[in-house]
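Bear in mind that the values in this text are calculations on the coordinates, not laboratory data. Given the structure is predicted, the values throughout are model-derived calculations rather than measurements. Neighbour counts are summed over all protein chains in view; Cβ atoms, including those assigned to glycine, are modelled from backbone coordinates with ideal geometry.
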Amino acid sequence: MNLKLALLIKPAWLAGWLLLAVSHPAFGQPLPLAQPASAGFSVSRLEKMHSVIQKFIDDGKHAGAVTMIVRQGMIVDWHTYGTRDLETKAPMEKETIMRIYSMSKIITSVAVLMLLEDGRFNLEDPVANFIPELKGVKVFKSGTADHPELVDAKSPITIKHLLTHTAGYTYGSTNNPVDELTRRADLWNAPSFKEFITRVGKLPLAHQPGEAFLYGINTDILGYLVEVVSGQKFEDFLQERLFNPLGMVDTGFLVPERKRPRLARIYGPGPDGKLQVMAPILDSYHGPGQGFPSGGGGLFSTIGDYARFGQMLLNGGKLDGCQILGRKTVELMMANHLNHLERPTHVWSPSDGFGLGGSVRIDLAKGSRLGSVGQFGWSGAATTYFNLDPREKTLALLFVQHLPHNQHGIFEKFSTLFYQALTD
């Protein structure tokens, strides 16, 4: 039967088959499609979003981008812009593979919560119960990197401290002595996960565990925790327990040779202000037994794969009949776990706290941005963005490959233009 004619006739059995086909990743469609108007979006207002994102490309600020809007489990808008490779002129495509960097953190956090649901630990358990290298860690008090004055930790680092970035670990990105010591540890060139943890175990904390939010290597430590507790390689656990069940066919720590033509290059400003290729950061994994998989920033994915992951969370932990997490676990994940601190928000926002692996909006007005109390998400270093909004039942994703992170403020524009397009 001619497909166009079949779509007009729409017998019940064919409609059901088509719904399955377009919602299964094997068919290249990660979730079912819906017309914007039927899902409460204005087509003309979505065109505003397309025009603004396209202008970033036309102005030479970004090489390319992909955007996706999902509501009530259906793709309302999926758009590509520009190129994934300026030299070959290869276009940015819906299935383009990109480095998602810190958006890996939400995935790793879900893996930890799966083991919590397996009864393997409690969130308040000291992580040293499972990783003895982290027993007896010290806290920096004063001095220099060469001559630090260290004191004992008043309490052990817990699994929850790592999930909420309140343990005291850093990324080595500033000029203070703890960051200098973190840089000297050369963590990302560790030849194995075990060696990575050994090096981490020698580092002092920047503050007492649980005292403040400090973004750092916490989620990479959690990846090792998953490996130790599950008895599987971290990458194998994710593949078996998360990626395969969710049909995330293009997500992993390596891009196979056959898929590399779909991989986008990362760009950034050159000396002349024009875009040039940028070297990847945190390149710690080169295959089984070669380096280690960074749970904090090492994953590659597509916007479609990540939409399936996000929809699972929005559905209360399940997708297509596959239960990844219980709905109460997802509820705990998206609560603000900084509310006991003097500052209940993370360092980049006066309106967003932090849950178990991602930010959560707790004050709409302080953010001065469109959104909802309870929205949850995070971004990646190469300018990728994920926003899950339980109130509006939406997912909003923007994938760019650009360093430095969000250099031209595309996240804020995208977020505003996504929300302004809602009409119902």
Next on the checklist: Give the residue list of trypsin sites (Lys or Arg not before Pro) in the stretch 115-183 that are DSSP loop and have at most 10 other beta-carbon atoms within 10 angstrom.
Outcome noted: Lys154
Next on the checklist: Within 12 Å, Cβ to Cβ, of Phe213, how many net charges do the neighbouring residues add up to if Lys/Arg are +1 and Asp/Glu are -1?
Outcome noted: -2
Next on the checklist: Contact order normalised by length for the stretch 325-421, with contacts defined as Cα pairs under 8 Å and 6 or more residues apart; what percent is it?
Outcome noted: 17 percent
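Taking K and R as +1 and D and E as -1, what net charge do the other residues with C-beta under 10 Å from the C-beta of Ala421 add up to? Intermediate values should be presented prior to the final figure.
Numbers: positive: Arg45, Lys48; negative: Glu47, Asp77.
Residues close to Ala421 contribute a combined charge of 0.
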Checklist entry - If each of Asn244 and Lys194 carries a label point 7 Å out from its Cα toward its Cβ, how far apart are those two points in nm? => result 2.6 nm
Checklist outcome for this item: Label model pair Asn122, Lys393: point-to-point distance (7 angstrom along the Cα→beta-carbon line) in nm is 3.7 nm
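Among the listed pairs Lys141/Lys328; Lys138/Lys194; Lys318/Lys366; Lys105/Lys393; Lys48/Lys89, give every one whose C-alpha distance is greater than 28 Å.
Too far apart for the 28 Å limit: Lys141/Lys328; Lys318/Lys366.
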Checklist outcome for this item: Length-normalised contact order of the stretch 120-230, Cα under 8 Å, at least 6 apart, in percent, tallies to 34 percent
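Tell me, what is the percent relative contact order of the stretch 41-91, built from C-alpha pairs under 8 Å that lie six or more residues apart?
28 percent
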Checklist entry - So what's Rg/Rh here for the chain, counting alpha carbon atoms and using the Kirkwood radius for Rh? => result 0.97
Checklist entry - For the stretch 219-377, what does the alpha-carbon gyration tensor say about shape, rounded, prolate or oblate, given a ≥ b ≥ c as the root eigenvalues, a/c under 1.5 as rounded, and a/b over b/c as prolate? => result oblate
Next on the checklist: Tell me which GluC sites (Glu not before Pro) from the stretch 89-164 have a DSSP coil assignment and no more than 11 other beta carbons within 10 Å of their own.
Outcome noted: Glu124
Item to check | Net +/- balance of residues flanking Pro344 in space, Cβ distance below 15 Å, scoring K and R +1, D and E -1 | outcome: -1
Checklist entry - What is the diffusion coefficient of the stretch 28-80 in µm²/s, taking the Kirkwood radius over Cα pairs and the Stokes-Einstein relation at 25 °C with a viscosity of 0.890 mPa s? => result 206 µm²/s
Next on the checklist: Can you tell me the mean projection area, over all orientations, of the convex hull of the stretch 120-230's alpha carbons? Units nm², please.
Outcome noted: 6.3 nm²
Next on the checklist: Taking the 0 to 90 degree range and rounding to the nearest ten, how far is the long axis of helix 218-230 tilted relative to the main principal axis of the chain, both from C-alpha atoms?
Outcome noted: 90 degrees
Next on the checklist: Quick check of the Kirkwood formula: for the stretch 283-393, what is the inverse mean of 1/r over all pairs of different Cα atoms, in Å?
Outcome noted: 15.5 Å
Next on the checklist: Taking a ≥ b ≥ c as the square roots of the Cα gyration tensor eigenvalues, with a/c under 1.5 meaning rounded and otherwise prolate when a/b beats b/c, else oblate, which class fits the stretch 215-282?
Outcome noted: oblate
Item to check | Within the stretch 325-424, GluC sites (Glu not before Pro) in DSSP loop having at most 16 other beta-carbon neighbours inside 10 Å | outcome: Glu342
Checklist outcome for this item: Interchain or sequence-distant (5+) residues whose placed amide H lies within less than 5 Å of the amide H of Lys138 are Leu205
Item to check | Folded to 0 to 90 degrees: helix 410-420 orientation relative to the chain principal axis, Cα | outcome: 50 degrees
